[in-house]
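Everything on this sheet refers to the single structure shown next.
The values are calculated or read from the model by the stated rules, or taken from the named source; none is laboratory data. These figures come from a predicted structure and were not determined experimentally. FYI the Cβ positions are ideal-geometry reconstructions off the backbone, even for glycines, and counts take in every protein chain you see. Remember, those area values only see protein heavy atoms, side chains included, never the ligands or the DNA or RNA. Shrake-Rupley method; radii C 1.70, N 1.55, O 1.52, S 1.80 Å.
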Amino acid sequence: MNERQQTLFEFMQQQADKLAVQTLQHIGLTFISLFIAVLIGLPLGILIARKKQLSSSVLGVAGILQTIPSIALLGFMIPLLGIGAKPAIVALLLYALLPIIRNTYTGITGVDAAVKEAATAMGMSKWQILFKAELPLAMPVILAGIRTATVINVGVATLASYIAAGGLGEFIFGGISLNNTNMILAGAIPAALLAIIFDFLLSRVQKLNFKKIRRGTYAMPVLLILLSSFYFIPSAYGGKLTAGFTPEFMGRQDGNLGLESKYGLKIHTIVISDAVMYKAAYEKQLDVISGYSTDGRLKAYDLVVLNDDKGIFPPYYAAPIVREDALKKFPQLEKTLNMLSGKINDAVMTDLNYRTDYLHQSPERVAKDFLVANKLWQPSREGNAGIIRIGSKIFGEQYILTNMYSMLIKGYTNYDVSSKTGLGGTKICFDALTNNQIDFYPEYTGTGLLAILQPAAGTISEVTKNKDSTYSYVQREFKKRYQIKWLKPIGFNNAYALMMRAQQAKNLNIKTISNLKRYLNSK
Amino acid sequence: MIKAEQVSKHFGKVKAVDGISFEVQEQENLILLGTSGCGKTTTLKMINRLIEPTSGNIFINGKNITDEKPEILRRSIGYVLQNNGLFPHYTVAENIAIVPQLLKWDKKRTEKRAAELMEKLHLSASYLNVYPNELSGGQQQRIGLARALISDPPVLLMDEPFGALDNVTRANIHKEFKALDELKRKTIIMVTHDVQEAFELGNRICLMDEGKIVQSGTPADLLFKPANKFVEDFLKDQRLQLEFKTVCLTDIWSLLPNQHHKIDALTLSADTSLWAALESFRFSNAETIHFSKEDKEVKTIDFEQLMSAFNQYKNKQA
């Protein structure tokens, strides 16, 4: 335990720059959206306190916004506002609205009627009553609303990294995909601390007496703007081209770290989820992205893969990995899974992915069409000799493969199948496998090597020289360490790849990663 | 000074105030008396336009109150509420200074006037810097009064001003209220449901019921010339006490025997109420008391003679 804590500390020290940037971005995102939410919510709350007939509809709409799942809300924003800070801020501010509007309304309507009557009777105008009596007296309640909104925003802002808005989510989601606990904690702990600190500070503001609050009301917007500006500090520097890399890619030796160390590539980079990355490249919001070489969207969005001339991306041959006790329990399993071996090359896989990702055919249909075309399909035997549990990661290719395996098992054996698809990243899938919650899932040799085994750098460069040495190394080590067997490779190599729009690559005459570096370095 | 003409206020189908008219003379103290729901508070609030009448007109100094912006009108009318309505986030000094601020007085003038009022209302100047919730109910009510009086408005409206106070505090405030020279210069309309309070503080009383004025007159008018059974019944429970409190020695002066014994006895002035005179007999155990009228005329009277004069007075009224 002690050793682990130390490594977390070491990790944070090593990544101090990034941590600082992410924390600043996180604070910035939280407070820009909070500031705008106050600008909108406060007047709206005052309005519905005056015109009560509007209150139920306004509070209703704000309430509905609150119930939209945050990832879905971010998803809605992309077609409207693209990627980056804008959609993230809008989504966050929509979440912050309800507590601010509601508390402003409650606070103002809760002011003692005698005080309001006295204020009116003394000859104060409506605005004077608002600013001298209603708002100061409602302030503790309004501040409580702002406090709730702040804590909500600190939490939801972690999701902003999905749409390239930065923040501590980069570490959290990068860590989940990389099976790197330290990285998760390096994002999660500061995020939790931010929430606790802001909650505490605002609780102190709330308890200040009336006098100080009056002065504090002026300090508040200034402070909000100051905290908001944090977001722009890191993004003050830019570059010729903008790259969008997934959190996973950012932290990998065979990803951004390798690009920096082996190619010396320095490019203005934003972190983004792979769900929106391809589209953003197509829409020219990004120029270079870290994709997968068999991704269907490569074809859909007319992107080209840059040649990895220094060989930093290790081979990623896909193969099912199975727990050995499952192989013993289901003797016919290995033979059945191997039926797919050698059947799918890169081009075929890209085409299958294109059908699901772009033509929106169901993975089930794509799998069946493929099996039928290759004369592998048989109707289900409706067997009940045991249930095999299949896992998959959360992207299209894995869905297609698990569907194929499921049909093969049902058609050729008497086993039944239960699918647990969409198990997040590598870490979640692999943990499910070792903890006997699934029996097998399709894994990639490169991932097994770098994300799970994590051998020394010397070993990595040794075994990644060609696809066979990688395969035999992971096969040997998985058997030894986890009693998990790598079955025969399916055939395609879904390696990491840098890609650009075909048109732009052609115009700039960039074919390899070295070309890209040369272009970036030229003035 | 204040004149209401056929003023009505309807809330939906409910006629809260139903075509009432009354007039208040300058420096007069008019009491709107009645049970809850009789329309007295609604009537009061129409005078400073907290409530706008459905129909009818109200004039102050011959000027229709709707001719002026309500904010401007209200700044020249003091207003005292039952639950004081002090700003809890303002100190006492800031609370008192609200109207001067609206009128853009300079700071020195406000401070001087506030100090003067605090003294008159028997409040220590050290209270100026505390918040209302640190004061007792009686003190808060005095601050509320100071706030209403600070700009020396000619008109003062009071909505059950002493309703939230206990009996002892209320009796003390009543005494101060009557003694305060500030108030003697003002035209006051006060709402109350307390008959004793109405008779003690009012020059004239408007007894209201179901949105209408049942009888309007001096306390003695209501007592001895009730307009109808309602008025009689309304005062019935406390009739004797009210009569004793309402009638002064001057009222019955001519009915008292003209005699002056040079003996050692208590002397009361002739503007004392009968009630106070009776109390003096009771508490000083005296056989006879000297009543003196403006130090010129002195009559030495015993208890029997006093009561007989009162009875004669009552018979004359009826």
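Might you check whether a residue that is more than 14 Å from chain B (Cβ to nearest Cβ) and more than 19 Å from A:Ile32 (Cβ to Cβ) occurs anywhere in segment A:80-96? Spell out the reasoning first.
Start the filter on segment A:80-96 by keeping residues that are more than 14 Å from chain B (Cβ to nearest Cβ), which leaves A:80-96.
Narrowing the set further to residues that are more than 19 Å from A:Ile32 (Cβ to Cβ) leaves none.
No, segment A:80-96 has no match at all.
Take A:Thr67 and decide whether it is of a type outside the set (D, E, K, R), without any contact (Cβ under 8 Å) to a residue 40 or more places away in the chain and closer than 30 Å to B:Gly85 by Cβ.
no
Got a sec? Which of B:Asn61, B:Asn29 is closer than 30 Å to B:Gln101 by Cα and open to solvent by less than 60 Å² (accessible area, probe 1.4 Å)?
Numbers: B:Asn61 fails: open to solvent by less than 60 Å² (accessible area, probe 1.4 Å).
After applying the criteria, what remains is B:Asn29.
Would a scan of segment A:119-141 turn up a residue that is open to solvent by less than 10 Å² (accessible area, probe 1.4 Å) and either at pLDDT below 90 or of a type in the set (Val, Ile, Thr) (or both)?
no
Could you run through segment B:32-54 and say how many residues are within 14 Å of chain A (Cβ to nearest Cβ), open to solvent by less than 10 Å² (accessible area, probe 1.4 Å) and touching a helix residue (DSSP H, G or I) at 6+ places or on another chain (Cβ under 6 Å)?
From segment B:32-54, those within 14 Å of chain A (Cβ to nearest Cβ) are B:41-42, B:44-52; that's our starting set.
Narrowing further to those that are open to solvent by less than 10 Å² (accessible area, probe 1.4 Å): B:44, B:46-48.
If we keep only those that are touching a helix residue (DSSP H, G or I) at 6+ places or on another chain (Cβ under 6 Å) as well, we get B:48.
The qualifying residues number 1.
Out of the residues in segment B:75-101 meeting the condition of being farther than 16 Å from B:Ala146 by Cβ and without any contact (Cβ under 8 Å) to a residue 60 or more places away in the chain, tell me which one is farthest from the other protein chains (Cβ to nearest Cβ).
Checked segment B:75-101; the qualifying residue farthest from the other protein chains (Cβ to nearest Cβ) is B:Pro88.
Among the numbered criteria (1) assigned to a loop (DSSP other than H, G, I, E, B); (2) in contact with a helix residue (DSSP H, G or I) (Cβ under 6 Å, 6 or more places away or on another chain); (3) farther than 21 Å from A:Asn509 by Cβ, which one does A:Arg252 miss?
Going through (1) assigned to a loop (DSSP other than H, G, I, E, B); (2) in contact with a helix residue (DSSP H, G or I) (Cβ under 6 Å, 6 or more places away or on another chain); (3) farther than 21 Å from A:Asn509 by Cβ one by one, A:Arg252 breaks only (2).
Those residues that are out of contact with any helix residue (DSSP H, G or I) (no Cβ under 8 Å at 6 or more places or on another chain), in contact (Cβ under 8 Å) with a residue 24 or more places away in the chain and among the aromatic types (Phe, Trp, Tyr), I need them from segment B:226-259; list them, please.
Answer for segment B:226-259, where residues must be out of contact with any helix residue (DSSP H, G or I) (no Cβ under 8 Å at 6 or more places or on another chain), in contact (Cβ under 8 Å) with a residue 24 or more places away in the chain and among the aromatic types (Phe, Trp, Tyr): just B:Trp253.
Test of understanding: among B:Leu123, B:Leu157, B:Leu135, B:Leu222, which residue is within 14 Å of chain A (Cβ to nearest Cβ) and either on the phi > 0 side of the Ramachandran plot or in contact (Cβ under 8 Å) with a residue 12 or more places away in the chain (or both)?
The conditions single out B:Leu157.
For segment B:211-241, how many residues meet the condition of being aliphatic (A, V, I, L, M) and either within 22 Å of B:Asp18 (Cα to Cα) or outside the structural domain of B:Glu197 (by TED's automatic domain parsing) (or both)?
The number of residues fulfilling the criteria is 5.
Is there a residue being within 12 Å of another protein chain (Cβ to nearest Cβ) and charged (D, E, K, R) anywhere in segment B:138-152?
Checked segment B:138-152: at least one residue is within 12 Å of another protein chain (Cβ to nearest Cβ) and charged (D, E, K, R).
A quick yes/no check of all residues on (1) closer than 16 Å to A:Ala96 by Cα; (2) in contact (Cβ under 8 Å) with a residue 60 or more places away in the chain; (3) open to solvent by less than 30 Å² (accessible area, probe 1.4 Å):
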{"site": "A:Ala16", "(1), (2), (3)": "no, no, no"}
{"site": "A:Leu42", "(1), (2), (3)": "yes, yes, no"}
{"site": "A:Leu47", "(1), (2), (3)": "no, no, no"}
{"site": "A:Lys51", "(1), (2), (3)": "no, no, no"}
{"site": "A:Leu59", "(1), (2), (3)": "yes, no, no"}
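I'd like the full set of residues that are among the charged types (D, E, K, R) and modelled with pLDDT under 90, limited to segment A:406-426.
Step one: of segment A:406-426, the residues among the charged types (D, E, K, R) are A:410, A:416, A:420.
Result: A:Lys420, single match.
If a residue has to be at pLDDT 85 or above and either buried (at least 21 other Cβ atoms within 10 Å of the Cβ) or assigned to a helix (DSSP H, G or I) (or both) to count, how many in segment A:67-85 make the cut?
Qualifying residue count for the region: 1.
Among B:Ala286, B:Ala277, B:Ala265, which is in the same structural domain as B:Gln305 (by TED's automatic domain parsing), small (Gly, Ala, Ser), surrounded by 13 or more Cβ atoms within 10 Å (Cβ to Cβ) and at pLDDT 85 or above?
B:Ala277 is the lone residue from the list that is in the same structural domain as B:Gln305 (by TED's automatic domain parsing), small (Gly, Ala, Ser), surrounded by 13 or more Cβ atoms within 10 Å (Cβ to Cβ) and at pLDDT 85 or above.
Identify, please: which residue in segment A:301-329 is of a type in the set (Gly, Ala, Ser) and modelled with pLDDT of 85 or more and is, among those, nearest to A:Thr464 (Cα to Cα)?
Residues of segment A:301-329 that are of a type in the set (Gly, Ala, Ser), as a first pass: A:311, A:318-319, A:326.
From the residues that got through so far, the ones that are modelled with pLDDT of 85 or more too are A:318-319, A:326.
Working: A:Ala318: 15, A:Ala319: 17, A:Ala326: 29 Å.
Step by step, filter segment A:301-329, then rank; the result is A:Ala318.
Matching residues to (1) farther than 15 Å from B:Tyr313 by Cα; (2) part of a loop (DSSP other than H, G, I, E, B):
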position: B:Val231; (1), (2): yes, no
position: B:Leu235; (1), (2): yes, no
position: B:Phe244; (1), (2): no, no
position: B:Pro257; (1), (2): no, yes
position: B:His260; (1), (2): yes, yes
position: B:Ala265; (1), (2): yes, yes
position: B:Ser280; (1), (2): yes, no
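Would a scan of segment B:178-185 turn up a residue that is crowded, with 21+ Cβ neighbours inside 10 Å and either assigned to a strand (DSSP E or B) or modelled with pLDDT under 90 (or both)?
no
Residue under question is A:Gln483, and the condition is that it be touching an Asp or Glu at 6+ places or on another chain (Cβ under 7 Å) and outside the structural domain of A:Ser341 (by TED's automatic domain parsing); does it hold?
No, not satisfied.
For segment A:366-382, give me the residue count where each residue is in contact with a helix residue (DSSP H, G or I) (Cβ under 7 Å, 6 or more places away or on another chain) and either open to solvent by less than 60 Å² (accessible area, probe 1.4 Å) or of a type in the set (Gly, Ala, Ser) (or both).
Matching residues across segment A:366-382 total 6.
Please identify the pairs in which a residue from segment A:101-119 that is within 14 Å of another protein chain (Cβ to nearest Cβ) has its Cβ atom under 6 Å from the Cβ atom of a residue that is open to solvent by 50 Å² or more (accessible area, probe 1.4 Å), counting only partners at least 6 apart or on another chain.
From segment A:101-119, the pairs are A:Gly107/A:Val141; A:Ala114/B:Asn83.
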